[in-house]
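These notes concern the structure reproduced below.
The values are calculated or read from the model by the stated rules, or taken from the named source; none is laboratory data. If you're wondering where the values come from, they're calculated on a predicted model, not measured in any experiment. When we count neighbours, we look across all protein chains shown, and the Cβ atoms used for this are built from the backbone with ideal geometry, even at glycine. For accessibility, only protein heavy atoms count, side chains too; no ligands or nucleic acids. Shrake-Rupley method; radii C 1.70, N 1.55, O 1.52, S 1.80 Å.
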Number of protein chains: 2
Amino acid sequence: MAGYIHAPVMQELMKQFGKLPGIGPKTAQRLAFFVLSLPREEVRAFSEAMVGAKETMTLCPVCFSMTDVTPCQVCRDETRDRQVICVVEETADVFSIERAREYRGLYHVLHGSISPMENRQPEDLKIKELLPRLEGEGERRVQEVILATNPDVEGETTALYLARLLKPLGIRATRIAHGIPVGSNLEHADAATLAQALEGRRVID
Amino acid sequence: MAGYIHAPVMQELMKQFGKLPGIGPKTAQRLAFFVLSLPREEVRAFSEAMVGAKETMTLCPVCFSMTDVTPCQVCRDETRDRQVICVVEETADVFSIERAREYRGLYHVLHGSISPMENRQPEDLKIKELLPRLEGEGERRVQEVILATNPDVEGETTALYLARLLKPLGIRATRIAHGIPVGSNLEHADAATLAQALEGRRVID
């Protein structure tokens, strides 16, 4: 029995959806059929949004976040504190931190983390591009680099690597706190997080 | 504090991803940034695949499945049994059944299910289009309509509605069996499935 195979145009669309992170073959098929159910103008708008974003967005030459203006909105904002740089793995992390409305310094996007397992070395990241940013003078001299890489093995390795790199330069390297998420409860916290939360305990004044 | 907002092109791309079923705002942001990480040619290929599929695929005028040939591959296949029609909710269900390599009859795609809650009436589905297909003569006379709508409230309602419609026409309406999925185990089955599995029990010969 030959079976009933997908039309070539559908196979192609499913292949494309299947490239997206977290999208398996079944979801790819569902999304491809969903696209067919949209009005023609909406499919065209989606299609154009993809190409439009890819062609408009570039890397900020200062902090290496993805941006539509050069330098990016944060780097060009003279009200931001130029004495602190927060190092993150991806541009999306910049938006996560901005949403917290707590941080007023600058950023530096590494575009990944050190991973011997996946053969990602320090030289594959925007690490050497961070160093010239630390050479400012006077008011512009960076005092602190906050290491806000992810709290996984690769992120911790990267943070440790950067901390060792910064030490001889006399710049304070800090690591974001690990602990119980706000609004969560102890029962749901895993042992590693609880251990970090206990270790990072603070005096209540 | 103004905060750091996404570039308009990124907002647009996230809005488009957010329209897809099962994609929330956080996943939409992740997918939008992933698109930026792809090489330009790949983004263009993805974009063109969407428009290509939408412009190529049409409804089969016989069974109403989405197809790139008219009539569709199944309807045009003279080796298929024309005395049985399997009624499904969506074109994707046709592919699911074909993958089982068990069924050799024809299909009819309703494009949805009856849902008073969501105000989807029988006339919103391809039900009236099913009736002329049941009027064949001799070898081409349909003997059985298999109701393969989903085993949820809407799917059961639709199956019942169709069964009542078919009865006066003297055509056998059958419903796909509910029961324990193959390879699963009783412990994981919910009570409603177990009840259906018991009710549908068969003698082992």
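So which residues in the range A:13-34 are at the interface with chain B (Cβ under 8 Å from one of its Cβ atoms), more than 16 Å from B:Lys19 (Cβ to Cβ) and open to solvent by 60 Å² or more (accessible area, probe 1.4 Å)?
Selection gives A:Lys15, A:Lys19, A:Gly22.
Here are some conditions: (1) of a type in the set (Gly, Ala, Ser); (2) open to solvent by less than 10 Å² (accessible area, probe 1.4 Å); (3) at the interface with chain A (Cβ under 7 Å from one of its Cβ atoms). B:Gly52 meets all but one. Which one does it not meet?
Of everything listed in (1) of a type in the set (Gly, Ala, Ser); (2) open to solvent by less than 10 Å² (accessible area, probe 1.4 Å); (3) at the interface with chain A (Cβ under 7 Å from one of its Cβ atoms), B:Gly52 misses just condition (2).
Right, A:Ala163: under 27 Å from B:Val35 (Cα atoms) and among the small types (Gly, Ala, Ser) or not? Reasoning before the result, please.
Details: under 27 Å from B:Val35 (Cα atoms): no; among the small types (Gly, Ala, Ser): yes.
No; evaluated as a whole, the condition is false for this residue.
If you check B:Ser37, B:Ser47, which single one turns out to be open to solvent by 40 Å² or more (accessible area, probe 1.4 Å), within 14 Å of chain A (Cβ to nearest Cβ), closer than 26 Å to B:Phe17 by Cα and of a type in the set (S, T, N, Q)?
Of B:Ser37, B:Ser47, the one residue that is open to solvent by 40 Å² or more (accessible area, probe 1.4 Å), within 14 Å of chain A (Cβ to nearest Cβ), closer than 26 Å to B:Phe17 by Cα and of a type in the set (S, T, N, Q) is B:Ser37.
Exactly one condition in (1) without any contact (Cβ under 8 Å) to a residue 12 or more places away in the chain; (2) within 20 Å of A:Glu90 (Cα to Cα); (3) in a loop (DSSP other than H, G, I, E, B) is not met by A:His178; state its number.
Evaluating A:His178 over (1) without any contact (Cβ under 8 Å) to a residue 12 or more places away in the chain; (2) within 20 Å of A:Glu90 (Cα to Cα); (3) in a loop (DSSP other than H, G, I, E, B) leaves (1) as the failure.
Restricting to the range A:168-205, give me the number of residues that are closer than 22 Å to A:Pro116 by Cβ and open to solvent by 60 Å² or more (accessible area, probe 1.4 Å).
Going through the range A:168-205 one residue at a time, the tally reaches 2.
I need the full set of residues from the range A:1-12 which are surrounded by fewer than 15 Cβ atoms within 10 Å (Cβ to Cβ) and among the β-branched types (Val, Ile, Thr), in order please.
Within the range A:1-12, just A:Ile5 meets the criteria.
For the condition surrounded by fewer than 15 Cβ atoms within 10 Å (Cβ to Cβ), under 18 Å from the mean Cα position of the chain (by Cα), more than 26 Å from A:Arg201 (Cβ to Cβ) and among the acidic types (Asp, Glu), what is the one hit in A:Glu118, A:Glu154?
A:Glu118
Counting only residues that are more than 9 Å from chain A (Cβ to nearest Cβ), hydrophobic (A, V, I, L, M, F, W, C) and either open to solvent by 10 Å² or more (accessible area, probe 1.4 Å) or without any contact (Cβ under 8 Å) to a residue 40 or more places away in the chain (or both), how many does the range B:79-96 have?
Of the residues in the range B:79-96, 1 are more than 9 Å from chain A (Cβ to nearest Cβ), hydrophobic (A, V, I, L, M, F, W, C) and either open to solvent by 10 Å² or more (accessible area, probe 1.4 Å) or without any contact (Cβ under 8 Å) to a residue 40 or more places away in the chain (or both).
Which one of these is in a loop (DSSP other than H, G, I, E, B), under 16 Å from A:Cys75 (Cα atoms) and acidic (Asp, Glu): A:Glu98, A:Glu129?
A:Glu129
Inspect all residues belonging to the range A:127-149 and state whether any of them is farther than 22 Å from A:Val62 by Cβ, surrounded by fewer than 18 Cβ atoms within 10 Å (Cβ to Cβ) and out of contact with any Pro (no Cβ under 9 Å at 6 or more places or on another chain).
no
Only one of A:Arg133, A:Arg141 is among the basic types (Lys, Arg), under 20 Å from A:Glu90 (Cα atoms) and out of contact with any Leu (no Cβ under 6 Å at 6 or more places or on another chain); which? Outline the logic, then answer.
Values: A:Arg141 fails: under 20 Å from A:Glu90 (Cα atoms).
Within the list A:Arg133, A:Arg141, the selection yields A:Arg133.
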